[in-house]
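Notes follow the structure.
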Amino acid sequence: SSGVFELKLQEFVNKKGLLGNRNCCRGGAGPPPCACRTFFRVCLKHYQASVSPEPPCTYGSAVTPVLGVDSFSLPDGGGADSAFSNPIRFPFGFTWPGTFSLIIEALHTDSPDDLATENPERLISRLATQRHLTVGEEWSQDLHSSGRTDLKYSYRFVCDEHYYGEGCSVFCRPRDDAFGHFTCGERGEKVCNPGWKGPYCTEPICLPGCDEQHGFCDKPGECKCRVGWQGRYCDECIRYPGCLHGTCQQPWQCNCQEGWGGLFCNQDLNYCTHHKPCKNGATCTNTGQGSYTCSCRPGYTGATCELGIDECDPSPCKNGGSCTDLENSYSCTCPPGFYGKICELSAMTCADGPCFNGGRCSDSPDGGYSCRCPVGYSGFNCEKKIDYCSSSPCSNGAKCVDLGDAYLCRCQAGFSGRHCDDNVDDCASSPCANGGTCRDGVNDFSCTCPPGYTGRNCSAPVSRCEHAPCHNGATCHQRGHGYVCECARSYGGPNCQFLLPELPPGPAVVDLTEKLEGQGGPFPWENLYFQ
C-alpha cells in the first residue's frame, strides 16, 4: 500500500497574544501588547480513545518554522517561511486503517532558530482529537477553539499514484508492453486496451472468425495458421503437395473430385465433359488418361476443329466476281454481263452498252467484253468513281477539292504550292525601310530596325526630343534627323541653357527687329544669343 495523510493549516487566531499560562509572549506578566512568534508541532498517531500528546507519534510528526505572529492566515503551498510546505504530508507505506489521533500544538519562540518543543512554558494552545476518515480527494474541515485561541485546519487521506481502494492497497499502473496492455479504473481494476483480454490483458483478441483450434495470434486482429492449415480464418486444410483436382478434410489429403484420378488427381477421366475442347459443333470422344479426339463438321479442320476451311482461298470466281464462303462450299456474285458458277460465261457484248461513265468497250475474241475507263473512274464496268481527296494530299490545313479527274488544294494564308507545303516568303517585297532586316514568318514578317528608326516597317525615325534636350521651359521641335529648341523669353543657346542679359530698348534693337522680321519672319528671338 502507499498513500499520504495531508494536513492543511489555514488560520490561527490569538487576539491577546498570550501563552497557555496566560503570560505575555514577551516573557513575564507585563501588560500587552504581546507578540507570540508562533510555530506548530504536529503529531499523528494511531486511534486512541483518550488521546495522549506524548510520543511516540506512530504515524509521523512534524515541526513547522515560525509561521506568523499572534493571528495570521496560511495560504495553500506555504507560509512566510519558504521551508514550510502546506499541506503537511505524512506518507503511509501500509494500508490506511481509516482512523487516527491528531495532536497540534501552537508554540512560541523568542528566536526563529530555537524550535524546541519540550519546554511547556512555550505552549500557546493544544488540540488533541481522534477521527474516522475514508480515502478521498475531498478535504475535511475542522475548527478548534480553546477560549483564547482558534485554529482552523483541514485534512484528508489520498492514495499515491497507481494506488486505489479504501486503504490504498490496490496497485495498478497502466502499461502497454509484454507484461500487459491495460489502463486502470476508478477502483484500481485493470481495463484492457482494445484488442486484449485476460487477467493481465496479455492475451490478444484474434481476428473475428479465426478458428480457435487451427489459428492463433500474437497481436490483436491477426489470424496466424498452425501447420497444415491456411486461409483468412485458418479453417482451410492444406492439400497434399501437387494435388490438382482433389480436396481434403484434414491436412495433406488429396481426395479426387469426380472424373479425376491418380495420386495427384491429375488424370482427367472425362476430358470432353470437363474442358469441352472441340469447337464449332464438333463431336468429342474421350480416349483415356486425359486424351481426346474431335470429329469436325464439314467446313472445319484442326485438332479442335478451330479452323474454318476458306473455300474462297483459291479465288475461284472469274471476271471480277466476288466469292462468298459457305459451309464446305462457296458462291460467286457475278458483275453485270457475266453468269455461271464461277462467272465464266459472258451475258452481253459491246452492242449492249455495258460500260458506264464514258468507258470505251472492246469485245473479246473468246466472248464477252472489257471496258477502258476514263480518268476518275474504275471497276469492271467503270461504275466506281475515284475519290482523289481520300488520300489527304493537301498539307498545312489546306482544303482538298475533288475535280473529277484531279484535285485542287486551297491553301491557308501564308502557304502555296500544289500541296500547300511551301511557306510564302513575306520578305520578298522588302517591307522593311531604312535598311531594316526582315525575318519571314507564317503569313507574317518582322523587322529589326537600325539605330535611329522604329515601327513595324522601321519607317518612323526615333524622336530626338524623346530625352528632353531643351532646358528652362523650352519647346523641342523635330527637324529631320535633328531637333530645334524654341526657348522661353530671356533664354538662349542651342538648348536654351543660357540666361540672356536684359538690354534697354533702343534704335539698334528696333532696327535689328525690323530687319530680321522683314526676312519672312516672325524671327525666333528665343534662339538669338548675345555675347
Exercise. Within the range 414-431, restricting attention to residues that are part of a strand (DSSP E or B) and touching a Gly at 6+ places or on another chain (Cβ under 9 Å), which residue is nearest to V401 (Cα to Cα)?
Worked result: F415
For this session: Only residues that are in contact with a Phe, Trp or Tyr (Cβ under 8 Å, 6 or more places away or on another chain) and not in a loop (DSSP other than H, G, I, E, B): list them for the range 284-315, please.
Result: C284, T285, N286, S291, Y292, L307, G308
Exercise. Quick one: what pairs do we get from the range 310-329, first residue over 21 Å from P298 (Cβ atoms), second of a type in the set (S, T, N, Q), C-beta under 7 Å, 6+ apart or different chains?
Worked result: G321/T333; S322/T333
For this session: Take the range 190-222 and flag every residue that is over 30 Å from P251 (Cβ atoms) and either of a type in the set (F, W, Y) or touching a strand residue (DSSP E or B) at 6+ places or on another chain (Cβ under 8 Å) (or both).
Result: K190, V191, C192, N193, W196, P199, Y200, C201
For this session: Please verify whether the range 5-12 includes one or more residues that are modelled with pLDDT of 90 or more and of a type in the set (A, V, I, L, M).
Result: yes
Exercise. Got a sec? Which of R37, R26 is modelled with pLDDT of 85 or more and among the basic types (K, R)?
Worked result: R37
Exercise. Which one is surrounded by the fewest Cβ atoms within 10 Å (Cβ to Cβ) among residues in the range 316-360 that are of a type in the set (G, A, S) and in a loop (DSSP other than H, G, I, E, B)?
Worked result: G353
Exercise. Assuming T301 fulfils every condition listed in (1) β-branched (V, I, T); (2) more than 30 Å from P241 (Cα to Cα); (3) touching a Ser or Thr at 6+ places or on another chain (Cβ under 8 Å) apart from one, which condition is it?
Worked result: (3)
Seminar exercise, completed: Counting only strands (runs of 3 or more DSSP E) entirely within the range 141-191, those with at least 2 residues that are more than 30 Å from L107 (Cα to Cα) and either at pLDDT 90 or above or out of contact with any Phe, Trp or Tyr (no Cβ under 8 Å at 6 or more places or on another chain) (or both) are 175-177, 180-184
Seminar exercise, completed: Checked the range 432-464 for anything polar (S, T, N, Q), surrounded by 13 or more Cβ atoms within 10 Å (Cβ to Cβ) and not in a strand (DSSP E or B); matches are N434, N457, S459
Seminar exercise, completed: Scanning the range 396-405 for residues that are at pLDDT 80 or above and surrounded by fewer than 16 Cβ atoms within 10 Å (Cβ to Cβ) gives G397, K399, V401, D402
Exercise. Regarding A49, is this residue assigned to a strand (DSSP E or B) and more than 60 Å from the chain's Cα centre (by Cα)?
Worked result: no
Exercise. Within the range 193-244, can you find the residues that are among the small types (G, A, S) and part of a loop (DSSP other than H, G, I, E, B)?
Worked result: G195, G198, G209, G221, G228, G231, G242
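The values are calculated or read from the model by the stated rules, or taken from the named source; none is laboratory data. Computed from a prediction, not measured in an experiment: that's the story for all the values here. Note that we place each Cβ from the backbone using ideal geometry, even for glycine, and neighbour counts take in every protein chain shown.
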